[in-house]
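The values are calculated or read from the model by the stated rules, or taken from the named source; none is laboratory data. Predicted model only: the values in this text are computed from it and were never measured. Please note: Cβ atoms are built from the backbone with ideal geometry, for glycine as well, and neighbour counts cover all protein chains shown.
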Amino acid sequence: MQEPVITMAHGSGGDATGRLIAELFAEAFHNEYLDRMEDASVLPGSGRIAMTTDSFVVSPHRFPGGDIGRLSVCGTVNDLLTSGAEPRYLTAGFILEEGLALSELRAVVQSMAETAREAGVLIVTGDTKVVEPRRQRGGILQSGLMINTAGVGFIPEGRTELGAAHIEDGDVILVSGTLGEHHAAIMAGRMGLENASLFSDNAPLGDMAGRLLRSGVRVHAMRDVTRGGLATVLGESARAAGLQITVEENRLPVQREVADFCGIMGLDPLYMGNEGKLVIAVAPEDAERALALVRGSRYGERAERIGFCRAVPEGEEPLLLLQTAIGGRRVLGPLYGEGLPRIC
Amino acid sequence: MMRTLDEITEFLRTYDGPEMRIMEVCGSHTAAIARNGIPSLLSPGIRLISGPGCPVCVTVSSYIDRLTELAMEPDTVVVSFGDLLRVKGSGRSLAETKADGGKVIVVYSPAQMLDLAAADPGRCYVFAAVGFETTAPVYALLLEEAERRGIRNIRLLTSLKTMPAVMERVCLDAGVSIGGFLAPGHVCAVTGYELFRGTAERFGVPFVVSGFTGEQLLASICRLVQLRGRGTVENLYRTVVKPEGNREAQQLIRRWFRPCDAVWRGMGNIPGSGLCLRESARDRDAGSAGLVEDRAGNGCQCASVLTGRIPPTGCPLFGAACTPQDPRGACMVSQEGACFNYFISGRKGK
């Protein structure tokens, strides 16, 4: 028997679409709002809303440590968390290519459902479209499955606003764990390297953000370290804050396996994407407490204090600096060139 | 002789002797110097100058033009390392050609090309064989393997260069006055380092073969300052570099390539400074001879940068009309390029 695959009929809006939704999506994601199967879900909630959206096109769909489904929940949830919001609802839009194996889709959807449960969010509405398969180009396998998720979260009463503009002279920079795993895992996967020791770090960071923000430590900004890596994210923060941020190379946490991979490939972990790490600017008096909170949270065991912020000296510009392992000082500019395309 | 990193760092920070201009010849050294923030650790009396050791940077425009033509030819596929993609010829870059439907594949290793070509015997796969003595054995191995597997549809378009003659040219340039050379560690691993002794003695300039970590670079710079005025060659990269080099790699090079004259971007023809395929490997050559035209247009000062006459920051285009997003010259494109590394690390040209 041939393996069942997605056909154009699954996107017709007719019977096949109905069965796909009922047997796969509704079953995996079910909750009281989605189960009503209305054109729009009506949801409870009040106060300030945070909202975001992200599309996921990573190739391959499944990679060591995760898959596009888990990623599509983590990416949007983590973006909401950085605003200080508590994530509640997600939408899920699927663009499927004709010929995609149903078993592949099922595995991805189940992973999404599990990750949503872990993150404490409900997938409340969705959509499916089927498109003709695209040609393979440049020897790279094209994704047969793309997911868009939008997310809504609520900012609890009394929580102060977070953002790069709130970073202050003297703030301490923390990173919640080791750098570059997601990038390295995807790249190794694409190169066909059978290296069992490179795993994506894709993870929802609600426990970590929640502990920090509920504790009263003065967090001024949080960012999700994704494409472009820590250097890109902190460089943007420095410019937005109008400050200089210095990162100390000796304090940067990098897994040994990732460091070895970078050495061979000529990569710099500072510019490699993660999918489960926060970088946090916190008031200096609260830095040690914040570090302990992050280390005590899920996915935060290897958090480190990695740098500090200071006012821009006369005649200089707001930027990101690296104090190198041998004591040198240099600018960490933005990432130039393609980096690694389609890692999320 | 100083032993600890602290002693070396202190010596370099407080040096107050006559100005010492040190050229790092190798592009990987340029990148490592930037990455480690080494200029910030040196006294103003020690100046590091980037040399002509970035392979992409010294490649002439007609070579890129030929690659872009090949990519548009029916049944021809150009295979290249990523660094070369955004370098413009007299008109377009390979990246632009690719966007227009040109057949260009980027690989991490030439060996990846073997399977591609074997699976697609109807088309000719041309590798953009750019590089120095370090990369030449890799291309030779590619051809050996292609022969062994009977893969006929692999060819090279070569722009291969060798180090000794161009360093002699830099020494002859009266406007530069280099006080010492960080000799290229990777090149020396293949060639050994005796080939620099003649130049060192003739010009009374020290060469120190250096590794690529921050500590190794500081130790080598320190040693060069101590050797100031002495025409000698020392090896501080002993774990990797042997006096005689790598004989096997040298044999591989000799089996497939012979020395030839080569045109360097911005510097013109330098006799005996290149490698081209031997007559016996003519059928592996995609037309590398005669690619000598060098149109470095748009006011780009690459030639002066590559020979150390000006620092990248001395070029009027630097950081204004020429940035990594929108590079005018190859030195701003390549990750080993002097301009690129000055730009991304905030290195000043003092």
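Within segment A:93-114, being within 27 Å of residue A:49 (Cα to Cα) and touching a helix residue (DSSP H, G or I) at 6+ places or on another chain (Cβ under 7 Å) holds for A:109, A:111, A:112, A:113.
Would you confirm whether any residue within segment B:196-206 is of a type in the set (Asp, Glu), closer than 30 Å to residue A:263 by Cα and in contact (Cβ under 8 Å) with a residue 24 or more places away in the chain? There is no residue in segment B:196-206 that is of a type in the set (Asp, Glu), closer than 30 Å to residue A:263 by Cα and in contact (Cβ under 8 Å) with a residue 24 or more places away in the chain.
Quickly run through segment A:13-33 and pick out the residues that are in contact (Cβ under 8 Å) with a residue 24 or more places away in the chain and either outside the structural domain of residue A:82 (by TED's automatic domain parsing) or more than 30 Å from residue A:162 (Cβ to Cβ) (or both). Answer for segment A:13-33, where residues must be in contact (Cβ under 8 Å) with a residue 24 or more places away in the chain and either outside the structural domain of residue A:82 (by TED's automatic domain parsing) or more than 30 Å from residue A:162 (Cβ to Cβ) (or both): A:17, A:20, A:21, A:24, A:25, A:28. Looking only at residues that are more than 13 Å from chain A (Cβ to nearest Cβ) and part of a helix (DSSP H, G or I) in segment B:314-350, which one is farthest from residue B:179 (Cα to Cα)? Ranking the candidates gives B:330 first. Only one of the listed residues (A:328, A:276) is among the small types (Gly, Ala, Ser), buried (at least 16 other Cβ atoms within 10 Å of the Cβ) and more than 21 Å from residue A:63 (Cβ to Cβ). That residue is A:328. For segment A:183-222, the set of residues classified as within 15 Å of residue A:78 (Cα to Cα), buried (at least 23 other Cβ atoms within 10 Å of the Cβ) and not small (Gly, Ala, Ser) consists of A:201, A:202, A:204, A:205, A:208, A:212, A:222, listed by residue number.
Report yes if residue B:298 is among the polar types (S, T, N, Q), over 30 Å from residue A:322 (Cβ atoms) and either modelled with pLDDT under 90 or not assigned by TED's automatic domain parsing to the domain that holds residue B:66 (or both), otherwise no. So residue B:298 passes the test. Which one of the conditions (1) assigned to a loop (DSSP other than H, G, I, E, B); (2) more than 13 Å from chain B (Cβ to nearest Cβ); (3) at pLDDT below 95; (4) more than 23 Å from residue A:75 (Cβ to Cβ) does residue A:317 fail to meet, given that it meets all the rest? With respect to (1) assigned to a loop (DSSP other than H, G, I, E, B); (2) more than 13 Å from chain B (Cβ to nearest Cβ); (3) at pLDDT below 95; (4) more than 23 Å from residue A:75 (Cβ to Cβ), residue A:317 is out only on (2). When you check residue A:227 against the structure, is it assigned to a helix (DSSP H, G or I) and either closer than 19 Å to residue A:334 by Cα or more than 19 Å from the chain's Cα centre (by Cα) (or both), yes or no? So residue A:227 does not fit the description; no. Residues in segment B:36-64 that are among the small types (Gly, Ala, Ser) and buried (at least 21 other Cβ atoms within 10 Å of the Cβ) were compared, and the one that is farthest from the other protein chains (Cβ to nearest Cβ) is B:51. Mind listing whichever residues of segment B:264-283 are crowded, with 22+ Cβ neighbours inside 10 Å and either among the hydroxyl-bearing types (Ser, Thr, Tyr) or at pLDDT 95 or above (or both)? Those that are crowded, with 22+ Cβ neighbours inside 10 Å and either among the hydroxyl-bearing types (Ser, Thr, Tyr) or at pLDDT 95 or above (or both): B:273, B:274, B:275, B:277. Within segment B:241-266, being touching a residue at least 60 places away in the same chain (Cβ under 8 Å) and β-branched (Val, Ile, Thr) holds for B:253, B:263. The number of residues in segment B:194-243 being more than 23 Å from residue B:44 (Cβ to Cβ) and of a type in the set (Gly, Ala, Ser) comes to 5.
Every condition in (1) within 14 Å of another protein chain (Cβ to nearest Cβ); (2) touching a residue at least 24 places away in the same chain (Cβ under 8 Å); (3) farther than 15 Å from residue B:31 by Cβ is met by residue B:310 except one, and the failing one is (1). Among the residues of segment B:85-106, those identified as more than 12 Å from chain A (Cβ to nearest Cβ), crowded, with 20+ Cβ neighbours inside 10 Å and at pLDDT below 90 are B:87, B:88, B:89. In the set A:99, A:139, only one residue is at positive phi, in contact with a Pro (Cβ under 6 Å, 6 or more places away or on another chain) and modelled with pLDDT under 95; that residue is A:99.
Looking across segment B:310-331, the residues that are touching a strand residue (DSSP E or B) at 6+ places or on another chain (Cβ under 9 Å) and buried (at least 22 other Cβ atoms within 10 Å of the Cβ) come down to B:312, B:315, B:327, B:328, B:329, B:330, B:331.
Taken over segment A:93-120, the residue count meeting the criterion of being acidic (Asp, Glu), in contact (Cβ under 8 Å) with a residue 60 or more places away in the chain and either in a helix (DSSP H, G or I) or not assigned by TED's automatic domain parsing to the domain that holds residue A:34 (or both) is 1. Given the criteria closer than 27 Å to residue A:65 by Cα, touching a Leu at 6+ places or on another chain (Cβ under 8 Å) and in a loop (DSSP other than H, G, I, E, B), does residue A:174 qualify? Against the criterion (closer than 27 Å to residue A:65 by Cα, touching a Leu at 6+ places or on another chain (Cβ under 8 Å) and in a loop (DSSP other than H, G, I, E, B)), residue A:174 does not qualify. Working only within segment B:135-193, note down all residues that are touching a strand residue (DSSP E or B) at 6+ places or on another chain (Cβ under 8 Å) and free of Cβ contacts under 8 Å to residues at least 12 places away in the same chain. Across segment B:135-193, there are no qualifying residues.
Residues that are in contact (Cβ under 8 Å) with a residue 12 or more places away in the chain, buried (at least 20 other Cβ atoms within 10 Å of the Cβ) and on the phi > 0 side of the Ramachandran plot do occur in segment A:75-92, at least one of them.
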